[in-house]
Structure formats: structure tokens, C-alpha cells
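To keep things clear, I will list the structure first and then write my remarks on it.
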Amino acid sequence: AQSVTQLDSQVPVFEEAPVELRCNYSSSVSVYLFWYVQYPNQGLQLLLKYLSGSTLVESINGFEAEFNKSQTSFHLRKPSVHISDTAEYFCAVTLYSSASKIIFGSGTRLSIRP
Amino acid sequence: DAGITQSPRYKITETGRQVTLMCHQTWSHSYMFWYRQDLGHGLRLIYYSAAADITDKGEVPDGYVVSRSKTENFPLTLESATRSQTSVYFCASTKGESNEQFFGPGTRLTVL
């Protein structure tokens with residue numbers, strides 16, 4: 001069975017500081033990996049995804065995540081955060097073969113201090 | 001506009017009443033999903049549908065009923081609402097190829 005662990009439920013950081021949100025997964029078969037973002041009072045939006053190819057994937061707003069197969073991790077990073085990045089971030093995995101088998105992590109709340 | 005919409009956005013009801021939450025998508029996505037989001041639990045899958053007239057249970061289906069007579073609609077019914085069903089409900093759909101899910105804006109349901 002697949003599972004996703006987000007190790008930090010809350011991460012407070014100062015504006016313009018770097019941040020890393022951790023995500024580990026377990027699966028015996030190949031998976032796709034995603035990070036979703038949820039801004040206050042909104043639904044989830046896709047931030048970035050890893051399907052295949054380069055293990056480093058980037059979003060349009062400066063976030064990046066690296067797929068590490070040996071460590072079964074997909075940590076999310078940003079070198080300098082802004083107030084507007086305040087949100088909850090969810091890591092998710094899904095099987096190559098099944099659109100219905102998506103597993104979400106419990107989420108990490110990123111709060112940015114001025 | 002194309003997308004996925006949910007209605008109502010907010011609903012207050014009483015214990016024992018029947019409530020239906022609506023979900024509509026304009027992409028003709030095959031798969032649709034219902035999740036509930038509660039503090040400390042993240043997102044939990046209630047039901048999903050692979051196509052019209054095909055539905056299946058997720059992680060927390062008890063107390064909920066779904067139907068999918070048309071590809072674009074996927075209503076969720078609470079037949080007899082309970083306080084434990086107070087939550088934020090999200091509908092989502094997926095193209096299938098990359099399994100990326102697209103989410104609606106959510107319905108905040110309060111059961112008194």
C-alpha cells in the first residue's frame with residue numbers, strides 16, 4: 001500500500017528566508033508525485049509534479065522539488081519566501097496505473113513572518 | 001467558463017436532515033472525486049467515480065451517497081446529516097493521463 005508522510009505540520013519562517021517542506025512516500029510500484037497548495041478559503045491547486053525525466057521540477061512562482069528515489073522523498077524548497085506564500089501545502093502520490101489511487105499527506109501549514 | 005464548480009459554497013443544516021452538495025465540471029474528465037477536509041486529517045476520500053454510472057467507495061463513505069448519471073455532474077448526498085459530518089467538502093476531477101487532480105472551491109458544511 002502507498003502512503004505519504006509530511007513530517008512537519010507547521011513551518012514558520014521569516015520573509016525572504018529559505019524554506020524546505022519535507023515529504024516522504026512509500027510505494028512498491030512506480031508513482032507520480034505532486035505538490036498542491038491551498039490558500040486560505042480556497043480549494044487545492046497544483047503547484048508542481050514529477051511524472052518522469054529530470055528529477056528536479058519547478059513551479060512558476062519559484063518553488064522546486066526534487067524526486068529522490070533512493071530516499072523515497074519529494075521535498076519542496078524555495079530559496080526566498082514571500083508573504084503571499086502563506087498557505088497549506090500537500091504532498092500527494094498516485095500510481096501510474098490508477099487515477100483513483102491518489103494519496104495525500106496530512107499537509108504542512110507554511111506561515112511567513114514579516 | 002471552463003472549470004469545476006461546487007454549490008452551495010456554504011450550508012448550515014440540522015441533524016437528521018438530508019443535504020445534497022453539487023459538483024459540476026466542464027472538461028469531460030472521466031474521473032471525479034469527493035473529499036472531506038478536517039483539521040488533523042488532511043484530505044480523506046469519500047467516494048469516487050471512474051465514469052458515468054460507475055462509482056466506488058473511498059476511505060470514509062459511511063453516511064454518504066453519490067450518483068453520476070451524467071459525466072459532468074457528481075452530487076454528494078448526506079441522507080441524514082450528523083454533527084460529525086461538519087466539514088469542508090471538495091470535489092475534484094482528473095484527466096487520467098497524468099492523474100493530476102483539479103479541485104473545486106469547496107463547500108463548508110455545518111451540521112447543528
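Residues of segment B:97-112 with backbone nitrogen within less than 18 Å of a virtual label 7 Å along the Cα-to-Cβ line of B:T86, please, listed as ranges.
B:107-112
Please compute the contact order of chain B in relative form: average sequence separation of alpha-carbon pairs under 8 Å and at least six residues apart, divided by the residue count, as a percent.
35 percent
Mean shadow of segment A:1-81, computed from the convex hull of its alpha carbons, in nm²?
Across all orientations, segment A:1-81 yields a mean hull projection of 6.1 nm².
Relative contact order of segment A:9-79, please, whole-number percent, based on alpha carbon pairs below 8 angstrom and at least 6 residues apart.
It rounds to 35 percent for segment A:9-79.
What net charge is computed for the residues neighbouring B:T110, neighbours being all others with C-beta under 14 Å from the C-beta of B:T110, Lys and Arg scored +1, Asp and Glu -1?
That sum, taken over residues with Cβ under 14 Å, equals +4.
Just tell me which aspartates and glutamates come within less than 14 Å, Cα to Cα, of A:K49; anything on the same chain fewer than 8 places away is out.
Partners within reach: A:E58, A:E64, A:E66, B:E97, B:E100.
Could you check the spin-label model distance between B:A50 and A:N41? Points 7 Å from the Cα along Cα→Cβ, value in nm.
Rounded to a tenth, the inter-label distance reads 4.0 nm.
Taking only the C-alpha atoms, wrap a convex hull around the protein assembly as shown and report its volume per residue in Å³ as a whole number.
For the protein assembly as shown, the hull spanned by Cα atoms encloses 126 Å³ per residue.
Over the Cα atoms of chain B, Rg to Rh with Kirkwood Rh, two decimal places?
Value, to two decimals: 0.95.
Could you list the residues of segment B:4-39 with an amide nitrogen less than 15 Å from a label point located 7 Å from the Cα of B:T77 in the Cα-to-C-beta direction?
Those under the cut-off are B:17-23.
Rolling a 1.4 angstrom probe over the protein chains, ignoring ligands and nucleic acids, what is the accessible area of A:Y39 in square angstrom, nearest 10?
Solvent-accessible area, nearest 10 Å²: 50 Å².
Within 15 Å, Cβ to Cβ, of A:S59, how many net charges do the neighbouring residues add up to if Lys/Arg are +1 and Asp/Glu are -1?
Around A:S59, the surrounding residues sum to -3.
Have a look at B:F90, B:F74, B:F102 and tell me which one the Gaussian network model of chain B (Cα, springs below 10 Å) gives the largest fluctuation.
In this elastic network of chain B, the residue with the biggest mean-square fluctuation among B:F90, B:F74, B:F102 is B:F102.
Excluding A:S80 itself, what net charge comes from residues whose Cβ is under 15 Å from its Cβ, given Lys and Arg +1 and Asp and Glu -1?
-3
Per residue, how much accessible area does the protein assembly as shown have with a 1.4 Å probe, in Å²?
It amounts to 49 Å² per residue over the protein assembly as shown.
Suppose each label sits 7 Å from its Cα in the direction of the beta carbon; what would the A:E64-A:S52 distance come out to in nanometres?
Result for the modelled spin labels: 2.4 nm.
Beyond a 23 Å Cα-Cα separation, which of these cross-linked pairs lie in this structure: A:K101/B:K95; A:K69/B:K95; B:K57/B:K95?
A:K69/B:K95
The values are calculated or read from the model by the stated rules, or taken from the named source; none is laboratory data. The shown structure was predicted, so the numbers you read here are calculated from the model rather than taken from an experiment. We place every Cβ from the backbone using ideal geometry, glycine too, and count neighbours over all the protein chains shown. Just the protein is used for accessible areas: all its heavy atoms, side chains included, with ligands, DNA and RNA removed. Shrake-Rupley method; radii C 1.70, N 1.55, O 1.52, S 1.80 Å.
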